[in-house]
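Student: Quick one: this structure, given as structure tokens, is what I'll be asking you about.
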Amino acid sequence: MLYKKLISSSIILSTLGVIGLGSLEAYAQDASSQGILSVLEVTDPVAPPVDPGDGEDGEDGGGIVDPGEPSNPGEIGISKVTDWNFGTLENYDPSLGATMVASRSENNTFNHVIVDDKREDSGSWSLSVSSDAFRSGEKSLTGTTIKMNSLSANNYNTSALFSGPGSLQLLQDNESMEVLTAISGADGFTTISLGEVELSIPKHQNIAEGEEYTSVITWNLTSEPA
């Protein structure tokens, strides 16, 4: 169960357009962000795996989230998402695999998603996510997983109710998974913090120096009228 608490999230890397919703209509919106991984060096099997580290400067992801421009009255939509930049893989050992942690943004804040619900009578809504394989040209990594280690939600309305998992693991090219459901009271901006986002790369991948791999992360927002 995902308990509502004050969270900290990252400054936005991507801005998505907001799509409207009439208050008497069911609604669905897809938005996308990217996972990015660069490969600097591939080493021999005796080298250690990449150290995921403890986050920038050992901080806890605190900072102020800019919610961006509000949507028009009567609308709901995903107003912002962040890209996940996993940085540079300096030593990939094919016998061990590797783990990478996505960098935080300005002010050392967590990656996040913001939903903006400006409907006069806000109903429930649900956010889900799926991930494509990481690809570099015609090549793709197989069996990668992405874990969001600490999901939490914040809305200015202290009586807002949410449900969802406390953490989430995405499998590449798999069905979407629930991130958060707003049960009631989540009008205005809701910021969903993803905590540390961790990419696990399995053993025996055909990775070459100088490659850059990207994955499309698809976010789906659905809602019902009150």
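Only the coordinates and a few stated rules stand behind these numbers; no lab work does. Just so you know, these numbers come straight off a predicted model, no measurement behind them. Backbone-built Cβ (ideal geometry, glycine too); neighbour counts: all protein chains shown.
Student: How long is region 74-183 along each principal axis, judged by its Cα atoms, biggest number first, in Å?
Tutor: 54, 33, 25
Student: Still on this model: What list of ³J(HN,Hα) values in whole Hz, one per residue of region 158-172 in order, does the Karplus curve 6.51 cos²θ - 1.76 cosθ + 1.60 (θ = phi - 60°) give from phi, with Gly and Pro shown as x?
Tutor: Taking θ as phi minus 60°, the curve returns 5, 9, 4, 10, 10, 9, x, x, x, 8, 8, 10, 9, 9, 5 Hz for region 158-172.
Student: Something else: Taking 0.36 nm per residue of sequence separation and subtracting the Cα-Cα distance, how much length would be gained by fully extending the chain between S167 and E209, in nm to one decimal? Present the calculation step by step, with values, prior to reporting the outcome.
Tutor: On the way: separation 42, 0.36 × 42 = 15.12 nm, distance 3.24 nm.
That works out to 11.9 nm of additional length.
Student: While we're here: Can you give me the three principal axis dimensions of region 82-135 from its C-alpha atoms, in Å, biggest first?
Tutor: Cα spread of region 82-135 along its principal axes, largest to smallest: 55, 28, 16 Å.
Student: I would also like to ask the following. What is the order of T181, T191, T82, fewest Cβ neighbours within 10 Å to most?
Tutor: On the way: T181 18, T191 22, T82 25.
With the fewest neighbours first, T181, T191, T82 line up as T181, T191, T82.
Student: Among K203, K118, what is the fewest-to-most ranking by other Cβ atoms within 10 Å? Intermediate results must be reported in sequence, preceding the final value.
Tutor: Working: K203 14, K118 19.
The most exposed by this proxy come first: K203, K118.
Student: Report the extension gain between M177 and S150 in nm, rounded to one decimal, defined as 0.36 nm multiplied by the number of residues separating them, less their alpha carbon distance.
Tutor: Working: separation 27, 0.36 × 27 = 9.72 nm, distance 1.52 nm.
Gain in length upon complete extension: 8.2 nm.
Student: Per the Cauchy relation, a quarter of the hull surface: what is the mean projected area of the convex hull of the alpha carbons in region 122-226, in nm²? Present the calculation step by step, with values, prior to reporting the outcome.
Tutor: Details: hull surface 31.1 nm².
Spelled out: convex hull of the Cα atoms, projected over all directions, averaged, 7.8 nm².
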